[in-house]
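The structure appears below as structure tokens.
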Amino acid sequence: MAGNEVKTKNPSSKQKSGGGGGKKKEVKKETGLGLTNKKSENFGEWYSEVVVNSEMIEYYDISGCYILRPWAMSIWENMQAFFDPEIKKLKIKNCYFPLFVSPGVLEKEKEHVEGFAPEVAWVTKSGQTDLEVPIAIRPTSETVMYPYFSKWIRGHRDLPLKLNQWCNVVRWEFSNPTPFIRSREFLWQEGHTAFAKKEEADQEVLDILELYRRIYEEYLAIPVIKGKKSELEKFAGGLYTTSVEAFIPNTGRGVQGATSHCLGQNFSKMFNIEFEDENREKAKVWQNSWAYSTRTIGVMVMVHGDDKGLVLPPKVAAVQVIVIPVPYKDADTQGILDACSATVDTLVEAGVRAESDLRDNYSPGWKYSHWEMKGVPLRIEIGPKDLANQQVRAVRRDNGAKIDIKSADSVEEIKKLLDQIQQNLFEVAKQKRDECIQVIHTWDEFVQALGQRKMILAPWCDEEEVEVDVKARTKGETGAAKTLCSPFEQPELPEGTKCFASGKPAKKWSYWGRSY
């Protein structure tokens, strides 16, 4: 994907702009609203344009780092407002651990550190003086937190220990930095928990994964598949990894949406996290870690965005309804402006995130394009006819439908429309995703489906060397294919079914494809 800002052109909206009544004011004919790239023709450049022109991010002077502007942060906050109370219902408490990691601690778990070693950033100087011992910046916090789990956990009454932190992490990615999707610093939550019994850890893995599904499907309106990662793709040092997997039809790539890991007892052995059980015998704890990040926002842009810009699901949009006055010559401009303000006040009082755009130096047509670019789910227009008929005109961002609503019914009808937009976005995205899923049984079918940018469901022998071989055989300019996940909801696997890649007896169905 493009890593630089791209040039923009004139507004794409063709609506006629209305003039104001009374004293004539100069109306700005602004440029910079339209997109120069189409989603279907140059996806990478289109995405780069959308995230900048919609005022979600600004490029920073360090490659791979981005400024998250309020329009993006509000989406993150709306997801946080759902997730944080939900994990507190599970008796998980928030905390904060330092950003810095000592080399000795980071390198304690060999398999874990090898998984992250290429991405670890190091602080080597203080002013002009070299540090005697370099300090790592956390790529994740297992090794930061677990020495203290060992200190805090002594007996079975100290368990379970359930912590979460909302923070940033740094992974010094060098290939194809992409806003939200692949950046050197990003925001996330990371949960770290410890239990006396494996059954407790296993259950929490699934409980958290369900919350991640709800974030994607109920808030971001993105269909995801819940499943288990292969041994090759699981979290470094963990026992097993579960994930929610999204798919981008335009690029034919999967996206690991969020992960919930059972770490087993590997880290508790490394960091000596043990407790005395009810029989006064020493035992190692069972641990989990789980996280979702600002990558969620990038997936949302890719799935729902169009050639006019962002398309935001109402549940996460900072502004759900934008109210725009449409005055004409000799119209009662003040009456229209008052009606706009009154509409906003009524909606806000009813719990709808609504704002008005009363700027008099921009035409209505320019405002339409501006708020379409920013993806506001519903636009309300109020002009002289609407004022006379005691109505408002609603225009949906998702499908462009226009609906006239009586002012007296505006709150109830607008809330219904927002619910319909949320549901429609999910249904359209699911239909497009499902059209990309292809079931195959042979290697030739696999290669053909991969070339058609499909999300491939294939019978597999579940052997690591076979996945390594598939990666090697499909390696190319667009990246190698790999397992995305083995879905929890497994289709029937008839007896005698062979693995598509090895010809050995198949043990399960797995999703395969290229991924971000």
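When you scan region 403-414, do you find a residue that is free of Cβ contacts under 8 Å to residues at least 12 places away in the same chain and surrounded by fewer than 17 Cβ atoms within 10 Å (Cβ to Cβ), even just one?
Yes, some residue in region 403-414 is free of Cβ contacts under 8 Å to residues at least 12 places away in the same chain and surrounded by fewer than 17 Cβ atoms within 10 Å (Cβ to Cβ).
Would you confirm whether or not region 393-400 contains a residue that is free of Cβ contacts under 8 Å to residues at least 24 places away in the same chain, open to solvent by 20 Å² or more (accessible area, probe 1.4 Å) and under 27 Å from ASP307 (Cβ atoms)?
Checked against the condition, which is being free of Cβ contacts under 8 Å to residues at least 24 places away in the same chain, open to solvent by 20 Å² or more (accessible area, probe 1.4 Å) and under 27 Å from ASP307 (Cβ atoms), region 393-400 yields at least one hit.
Taking THR193 as the residue in question, decide whether it is more than 25 Å from ASN279 (Cα to Cα), polar (S, T, N, Q) and open to solvent by less than 30 Å² (accessible area, probe 1.4 Å).
In short, no.
Assess whether VAL323 counts as being β-branched (Val, Ile, Thr), at pLDDT 95 or above and part of a strand (DSSP E or B).
The answer is yes for VAL323.
With buried (at least 17 other Cβ atoms within 10 Å of the Cβ), within 19 Å of SER102 (Cα to Cα) and modelled with pLDDT of 95 or more as the only criterion, which of PHE149, PHE186 stands out?
The unique qualifying residue is PHE149.
Residue by residue through region 289-331, note down the ones that are of a type in the set (Ser, Thr, Tyr), surrounded by 24 or more Cβ atoms within 10 Å (Cβ to Cβ) and over 14 Å from the mean Cα position of the chain (by Cα).
SER289
Can you tell me which residue in region 338-385 is surrounded by the most Cβ atoms within 10 Å (Cβ to Cβ), limited to those that are touching a residue at least 40 places away in the same chain (Cβ under 8 Å) and of a type in the set (Gly, Ala, Ser)?
Filtering region 338-385 for residues that are touching a residue at least 40 places away in the same chain (Cβ under 8 Å) and of a type in the set (Gly, Ala, Ser), the one surrounded by the most Cβ atoms within 10 Å (Cβ to Cβ) comes out as GLY375.
Scan region 254-277 and tell me whether some residue there is surrounded by fewer than 22 Cβ atoms within 10 Å (Cβ to Cβ), of a type in the set (A, V, I, L, M) and modelled with pLDDT of 95 or more.
Within region 254-277 (the criterion being surrounded by fewer than 22 Cβ atoms within 10 Å (Cβ to Cβ), of a type in the set (A, V, I, L, M) and modelled with pLDDT of 95 or more), the answer is no, since none of the residues qualifies.
Among (1) within 21 Å of GLN165 (Cβ to Cβ); (2) over 13 Å from the mean Cα position of the chain (by Cα); (3) assigned to a strand (DSSP E or B), which single condition is GLN256 missing?
It fails just one condition, (2).
Taking region 428-452 on its own, how many of its residues are in contact with a helix residue (DSSP H, G or I) (Cβ under 7 Å, 6 or more places away or on another chain) and in contact (Cβ under 8 Å) with a residue 40 or more places away in the chain?
Qualifying residue count, region 428-452: 3.
Determine, yes or no, whether CYS485 is open to solvent by less than 40 Å² (accessible area, probe 1.4 Å), under 20 Å from the mean Cα position of the chain (by Cα), at pLDDT 95 or above and not hydroxyl-bearing (Ser, Thr, Tyr).
Yes; evaluated as a whole, the condition is true for this residue.
For region 66-75, how many residues are of a type in the set (A, V, I, L, M, F, W, C) and either within 9 Å of VAL316 (Cβ to Cβ) or surrounded by fewer than 15 Cβ atoms within 10 Å (Cβ to Cβ) (or both)?
Of the residues in region 66-75, 2 are of a type in the set (A, V, I, L, M, F, W, C) and either within 9 Å of VAL316 (Cβ to Cβ) or surrounded by fewer than 15 Cβ atoms within 10 Å (Cβ to Cβ) (or both).
Hey, could you check region 453-479 for residues that are assigned to a helix (DSSP H, G or I) and in contact with a Phe, Trp or Tyr (Cβ under 9 Å, 6 or more places away or on another chain) and say which is nearest to LYS504 (Cα to Cα)?
VAL466
List the number of the failed condition for LYS226; all other conditions in (1) open to solvent by 40 Å² or more (accessible area, probe 1.4 Å); (2) assigned to a strand (DSSP E or B); (3) over 29 Å from ALA481 (Cβ atoms) hold.
Going through (1) open to solvent by 40 Å² or more (accessible area, probe 1.4 Å); (2) assigned to a strand (DSSP E or B); (3) over 29 Å from ALA481 (Cβ atoms) one by one, LYS226 breaks only (3).
The values are calculated or read from the model by the stated rules, or taken from the named source; none is laboratory data. Since we're looking at a predicted model, the values are computed, not measured. Heads up, the Cβs are rebuilt from the backbone with ideal geometry, glycines too, and the neighbour counts pull from every protein chain shown. The accessibility values were calculated without ligands, DNA or RNA, using every heavy atom of the protein model including side chains. Shrake-Rupley method; radii C 1.70, N 1.55, O 1.52, S 1.80 Å.
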